[in-house]
């Protein structure tokens, strides 16, 4: 593992602005639609949505009104994730009214807090004697973890510490309880608090929080197994009234985490735990724990992950199953699970600097996570199948968990606010920084500020992704006297006042070369600040130094012009890598890097052991997986065969779904000679036909109908 000082960091969200046609609209959606809509739902003011009860529960716990707790035991987390999303939104879109709403919600949480620091409306209102007496099902620690994450996010963005102090009191209580003799083997049933404790430690410096997170990971799956024997305790409280026996594998507690080599159990719990394991591997420089993370990652992406970045195949127990078991029409692939996978991969990329983690992160974000929300921001998928036939999605069957349309809300609504906080924090995924280097992870149009040797540098990215391989990166030193965007009062962001010019010499730009990039071309041009000859007209290069990426990802030295230094990081080009470009910096110099690559749509085949996909083909363009919908192609998509020899046609449609690339594949549609017969000795005819495809992330935005990702190959 790299030394701790080499961990990549995120750019503070109040120092980055997302501005491109693709991701920009999602950022606007967060501020304009998602946050206001979800706030109304949390207050039970959306008549056609499932009631939330979330704010009501807090009001009852705070003594503001009388009533009974309603909803799931973890209902508090909906508000926590909403506050976290709101905090990230305030970082890039200051909004006094929204900030005031969050402050009022935090005051409500504070009023609901018990004198000893305990916060959980279910146990405060419904089971006041049941605290920590059902860790396997009670979700107290899971809820506390999300509250901690929200408190840290709000403090880092606004500098206001009211919520942070509230959650520090809760964390102090947890330390007292779980470092006591009675709970020396206790661990959370649903992992998440470990992530929150690490974040709380990093912002407060209180090492007890980090030690408790480590204790929860170290104790898990170790004998005596607390979760497996908890029901035998005389003070155990039945929360869910679940007649099924406790299954240690379900909560990844069947063996110590360092010994686990396969992803198992509840998918969301698993990837939240893996995220905490990565955090702790870094904090404690624990090579063995990091190797366990790497092994579990390889098991997921090599044997148990859908092409869309979905994980958790089974609707029963929302869990991983076995190698190559990837059914398309009845899989679970919970939106939260892909969010957790992205969180885990982001951490692993920050620690190892390996591009493969960024690739998986991008796949999950661009496909399953985006599919989880409608383009209007007001309906959501909990489950993300890769094939839908609405007629067979009947209640009380094995298909009951699959929905053909997005829902306005859910009784268990963990996914909608989780999507909100993920989209609002996109800047943390897009780029990373380290001392004198900036790492371009995802080609997201944005502008951000970082420090190199103590001096401020402005980086601006223009991107035509994900539909076209064109990226322009402009790097310059911040001019003396240039206006700063004022952070919120009390913000923890560093002062970026101009420093001595001599302290800054060059920047290392780590440019990602993804595996889907073909025929990569890089050009670099450094010019005087008042010279308009380089890179100011679209993506045209003038007087530029060119670098052509070879098949292995190793850069050739340019034959003409000033010499530039290029260095590869990560895997070879066939698997993706990072390329280093050393950029000289001075107040009177600007540098433009233009990265262009071909990104043709491709046919993709699954391993033949994936029984659901044997003899089938999918279509991918760059990071986007494509799907066929009934609205474009008619019913019974299963009757279509794709002729891969006829290729794929691409057409950008500005009038379609807000602007997207539509793909066309050719093949045949099966037509029965005797359509009234269930079985026949006569083979169906094959009639030439075409199939239109749109990004999987956009399916079901034009009404209910069939959908499929995998198609039979002719």
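Give the residues of the range 597-606 that are touching a helix residue (DSSP H, G or I) at 6+ places or on another chain (Cβ under 8 Å) and farther than 11 Å from residue 307 by Cβ, sorted by residue number.
603
Report whether or not residue 419 is under 18 Å from the mean Cα position of the chain (by Cα) and either assigned by TED's automatic domain parsing to the domain that holds residue 705 or buried (at least 24 other Cβ atoms within 10 Å of the Cβ) (or both).
Yes; evaluated as a whole, the condition is true for this residue.
When residues of the range 439-460 are filtered for being closer than 17 Å to residue 14 by Cα and touching a residue at least 60 places away in the same chain (Cβ under 8 Å), how many remain?
8
Do the conditions hold for residue 685, that is, is it without any contact (Cβ under 8 Å) to a residue 24 or more places away in the chain and surrounded by 11 or more Cβ atoms within 10 Å (Cβ to Cβ)?
yes
Which one of these is surrounded by fewer than 24 Cβ atoms within 10 Å (Cβ to Cβ) and within 24 Å of residue 624 (Cβ to Cβ): 323, 354?
Unique residue meeting the criteria: 354.
Just checking, does the range 285-299 include any residue being under 30 Å from residue 75 (Cβ atoms) and assigned to a loop (DSSP other than H, G, I, E, B)?
no
Against the conditions (1) closer than 17 Å to residue 387 by Cβ; (2) in contact with a helix residue (DSSP H, G or I) (Cβ under 6 Å, 6 or more places away or on another chain), where does residue 292 fall short? Just the number, please.
With respect to (1) closer than 17 Å to residue 387 by Cβ; (2) in contact with a helix residue (DSSP H, G or I) (Cβ under 6 Å, 6 or more places away or on another chain), residue 292 is out only on (1).
Go through (1) touching a strand residue (DSSP E or B) at 6+ places or on another chain (Cβ under 6 Å); (2) crowded, with 24+ Cβ neighbours inside 10 Å for residue 364 and report which single condition fails.
It fails just one condition, (1).
Just one of the numbered conditions (1) touching a helix residue (DSSP H, G or I) at 6+ places or on another chain (Cβ under 9 Å); (2) outside the structural domain of residue 360 (by TED's automatic domain parsing); (3) at pLDDT 95 or above is not true of residue 205; which one?
Result: residue 205 fails condition (1) only.
Across the range 363-376, what is the number of residues that are assigned to a loop (DSSP other than H, G, I, E, B) and within 17 Å of the chain's Cα centre (by Cα)?
Residues that pass the stated criteria total 2.
Report yes if some residue within the range 316-335 is touching a helix residue (DSSP H, G or I) at 6+ places or on another chain (Cβ under 6 Å) and part of a helix (DSSP H, G or I); otherwise report no.
Yes, the conditions are met somewhere in the range 316-335.
Within the range 111-131, does at least one residue satisfy the condition of being surrounded by fewer than 19 Cβ atoms within 10 Å (Cβ to Cβ) and under 30 Å from the mean Cα position of the chain (by Cα)?
Within the range 111-131, none of the residues are surrounded by fewer than 19 Cβ atoms within 10 Å (Cβ to Cβ) and under 30 Å from the mean Cα position of the chain (by Cα).
For the range 600-714, which strands (runs of 3 or more DSSP E) that fit wholly inside it have 1 or more residues that are farther than 27 Å from residue 364 by Cβ?
640-642, 648-653, 660-671, 685-695
Does the range 292-334 hold any residues that are over 27 Å from residue 698 (Cα atoms) and free of Cβ contacts under 8 Å to residues at least 24 places away in the same chain, and which are they?
298, 321, 322
Go through the range 162-178 and give me each residue that's farther than 19 Å from residue 131 by Cβ and either in contact with a strand residue (DSSP E or B) (Cβ under 8 Å, 6 or more places away or on another chain) or surrounded by 18 or more Cβ atoms within 10 Å (Cβ to Cβ) (or both).
Hits for the range 162-178 are 163, 164.
Mind listing just one residue for me: the one in the range 270-284 that is out of contact with any helix residue (DSSP H, G or I) (no Cβ under 6 Å at 6 or more places or on another chain) and either closer than 20 Å to residue 135 by Cβ or outside the structural domain of residue 302 (by TED's automatic domain parsing) (or both) and, of those, surrounded by the most Cβ atoms within 10 Å (Cβ to Cβ)?
273
The values are calculated or read from the model by the stated rules, or taken from the named source; none is laboratory data. Keep in mind that this is a model prediction, so the values were computed, not measured. Because the Cβ atoms are built from the backbone with ideal geometry, glycine has one as well, and the counts that use them run over all protein chains shown.
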